[in-house]
Structure formats: structure tokens, C-alpha cells
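Okay, so here's the structure we're looking at.
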Amino acid sequence: MMEDLSQYVQPGRVHRHIYTDPAIFELELERIFGVAWTYIGHESQVKKPGDYFRTFIGRRPVVLVRDDEGEIRVIHNQCAHRGSLVVANDKGNASEFQCCYHGWTYHLDGRLKAVPLQHGYPRDFDINNPKTAMVHVPRVQSYRGFVFASEARDGPGLEDFLGYMTTSLDDLVDRAPDGEVEVAGGVFKHAYDGNWKLYLENLCDAAHPLFTHRSSIDAAQQQSDEVYSDGSGEIALRQMRQNGAPYSFWESQVGIWTYPNGHSYLGDYHDDTKLVAALQEPAFRDYITAMESKKGKAETRRVLEVRRWNSNVYPSLSFMSQFQQLRVVHPIAVNRTVVHTYNFRLKGAPEKMFRNTISFANTVNGTGSLVLTDDLEIYNRIGMGLSSAGAEWIEIGRGLRTDLPDAHGGKRGHNSTSEIYIRNMLDAWLNYMTNDHDAIRPVS
Ligand code: FES
Ligand SMILES: [Fe+2]
């Protein structure tokens, strides 16, 4: 590893070691995932006291739980006795947590409740001593139901960290006639043999679909339109066909915006009236009726005219507000990453809208997706390619001199295929990696 980390990122290029060096990966866990606001889960996953959900901050296991008082907590998933994982199920409801090794039992807020054979411990052993409790993650905040946690005791709050990206989360929630969303259905889990940064870099990459996803583009273009009949086929076909739009379209019609702390979003790349609004099925008309009756015509129009594709909240989250998809990035090793994808139901919308969400998920995020599998293969190939003795520097200069300021404190690509979003993530990377703490910049 080079002594001076700032040498790894230079104008228009980045050193490949930041994707391959295990020592840099360990440092990222400490300086990025150990500091930033990391996405934990959604409040709807822990509706009732005792509901819990197990996840990770970086590689550290934590539990999201609603305690007896209805408070949401994020607790390190480690027994205060000899360190076993306490909560082993992915999710559930419990009245208390019990460690499977020697039976230490904890209240839902992590305080120790009971210890078998307590008489055997030294006289001053006290189950009310905070040192015998499961440890809380120091800062936990929600934005419109999305729970984030930070292991940094001080620093800017969640909204300062999110900055203008709050508007992408707003877009996801505002699409619900009742103004609320909930996690529904199952979770897709996939893994690849490559670095975690590759995933976020791909989600805003408008230069790859036409090339990478060629096989599903060809198949969808050859498929007759009759498959449209149930509505779900329309979403899959239109999505896959539109990946085949010409380069001239990708360059000029999509839009790429970036913001402080590494965040970014890509515009919708569907022409005509865009993918969601173009659905002419009865359920969509019923949905608009429900929206207008709850929010009025003008607000409904405003909400449905927001046209974002993937929004990235660096370093842990990528979501797609129009079809209510959310993916969480879990770094496992320098060349191993796991991604979990969740779907949200729009409260107050016809049930068919959720079926469309699932249909979209199956098309682009599912384990049997004809699209995602291409991207996973790319991540694996980058993982392998970077382990060769090829060029040391990776090129990220497309659009470098033409980036433009954005009205909301960020920058956007003059051209939608600009690699500005990678440069922006690497600016954040450098900022985190070269500061031991307080790496998050508030957005003024
Ligand atoms: S390690 Fe948990 S009770 Fe012993
Ligand atoms: Fe892709």
C-alpha cells in the first residue's frame, strides 16, 4: 500500500489497488463504513415491539429492533459474555434475546436480563452494569422511515449527510397515495467475486447497457407484443428493449447528477412518457385516481413527473424510486460482495401496483433476471481482470472537463455517459480515507 492514500486517485484515473488490496479494504471498513451513515433497514420491517431484523454495518453484525417502549434501536450483535452472535435469525419477533452458548438473556434494548449460574461470578458482577449489555451503535436516525446508523459519535446528522438525495427518498415515499411505504415480499440476495465499489459504480453507468445487456435486448426485441396482455410482461419487455436505445440517446437524454459525500442519481432513460407513467393498464388509472383523491391533481402530477432511475447513497445503498426497489451493499472481502434487494409496497395503491414492482424486480434485480446476471458476470470479470499484471491505472476520465455545476450544490455530467459519478464517489472515498474522523461534509 502506498503511504500517501491521496496518490491513489488522480484526475481522470484511479489506481487498481483500491479494488484489490486487502489492507485498503480493511481501512475502508474502518474509515468509511465505520464513520458514514450506513443504511440499516426500514421502519416497516420492525413494526411492533419485539420485531427485529439482522444486518451489517460494513462487516459488523448488528440488529435493528423495536424495543418494549416502541423505540428503534441498532445494537451490535455480540454477546457480552464470550462474544457469540446473539441474534442468528434474519428477522422475527422476540420478547427477549437469548445467546445460544450459555444462555445469557437480554432485554430488547440490549440490557442484560438474566445470567444462568450467576452465583459463580465474582461478587461485584452486576447484571445492571452497562458493561454487561449488548452495545448500542451510537447514532441512529430515520429519514421518512429509512433507518441509518453511524458508528461515529459526532458529526453531521443524517439529513446533512444525505443532502439533496433526500429528494430521491421523497420520490419513493411520495408515490404512495397514503404517504407511506412498507417493505413487502421477500429479499433477493446475490454475491459476486469483486470489490463492493464496483456495484455502486455500475448503477449509474449509462454507457454499459447497450453493450453488456445485448442478449436480453435482442431477445426482447424479437418477442411479440402479445406478451403485454397481463401488464407485467410489458414492464419486462419495455425495460429490456430500452436498454438497446442508441448511444446518441444515452448521451443526451438521460442525465447524471452527483452530490457531496459520494451520492448520485441517474435519470430515467425511457423515452415517450417514461416507463411508469406510460403504463396504460386499468390498475395504473386506479392508482392515479387514488393519488389524486389523497393528494390533489397538481401534487400527483408533480410526483409522477419525477423521473429518476437509480439513486446511490454512498457507501451502502442504491435504490430505484419509480419501481420501489432498494439494494443494500454488504462488503465481505476485497474481492467479495453481497447485495440484498428489497421491494416496497405503496400504501393506498391498488395491489396490482405491487405486482408491477415485483415484475420489475424479477426483470432487473432477481436471481433469475436476464439483466442482473450480465452485470454480475461483469463484476466477476473485473475482479479477475484486476488481479492480472495489466495496467496499474484505471481510466475514469470520460466527461472530465465538461462537468457542470448543479443548482442544488452538486455537479452533473454535460453528457449522460460522463464518468462523473465514479469521480464523485472517489472524491468521497479520498475524503473518508484521508481523515480519521468527521469525514462527512455537511451540505449547506
Ligand atoms: S457467549 Fe453468550 S452466553 Fe456465553
Ligand atoms: Fe447493467
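We did not get these values from a lab; they are worked out from the coordinates using the rules stated. What you see is a predicted model; the values in this text were computed from it and never measured. Quick reminder, even Gly has a Cβ in these numbers, built from the backbone with ideal geometry, and neighbours come from all protein chains shown.
Miscellaneous remarks
- Size of the range 67-220 from its Cα atoms: along the principal axes, largest to smallest, the extents are 72, 34, 31 Å.
- The range 108-192: equivalent-ellipsoid semi-axes (sqrt of 5 x gyration tensor eigenvalues, Cα, Å): 39, 18, 13
- When the convex hull of its Cα atoms is viewed from all sides, the range 1-68 shows a mean projected area of 6.2 nm².
- Here the convex hull built on the C-alpha positions of the range 278-414 has a volume of 164 cubic angstrom per residue.
- In the range 1-76, the trypsin sites (Lys or Arg not before Pro) that fall in loop regions by DSSP, at most 15 other Cβ within 10 Å: Lys47, Arg59
- Helix 420-433 axis, angle to the chain major axis (alpha carbon atoms, nearest 10°): 20
- Those lysines that a straight Cα-Cα span of less than 29 Å connects to Lys411, excepting residues fewer than 8 apart in one chain: Lys197, Lys274
- Remark on the chain: Cys100, Cys204 stand apart, with no other cysteine beta carbon under 4.7 Å.
- Kirkwood estimate for the range 163-203, i.e. one over the average of 1/r between Cα atoms, Å: 13.3
- Whichever lysines have a C-alpha closer than 18 Å to that of Lys294, once near sequence neighbours (fewer than 8 apart) are set aside: Lys347
- In the chain, inverting the average of 1/r over every pair of distinct C-alpha atoms gives 23.2 Å as the Kirkwood radius.
- Rounded to the nearest 10 degrees, the inclination of helix 282-295 to the longest alpha-carbon principal axis of the chain is 60 degrees.
- Taken one residue at a time, the phi angles of the range 188-197 give Karplus couplings (6.51, -1.76, 1.60, θ = phi - 60°) of 8, 10, 9, 9, 9, 8, x, 6, 4, 5 Hz. Gly and Pro are set to x.
- By the helix-only formula, in which each DSSP H run with n ≥ 4 contributes -39500 (n - 2.57) and the sum is divided by residues, the chain has a 222 nm mean residue ellipticity of -8000 deg cm²/dmol.
- For the range 38-143, lysine pairs separated by 8 or more sequence positions, or belonging to different chains, with Cα-Cα distances below 23 Å total 5.
- For the chain, the relative contact order comes to 22 percent (Cα pairs under 8 Å, sequence separation of at least 6).
- Gap separating the Cα centres of the range 154-232 and the range 73-95, nearest whole Å: 30
- With eigenvalues of the C-alpha gyration tensor scaled by 5 and rooted, the range 38-143, Å: 25, 13, 13
- Prolate/oblate/rounded label for the range 85-139 (Cα gyration tensor, a/c 1.5): oblate
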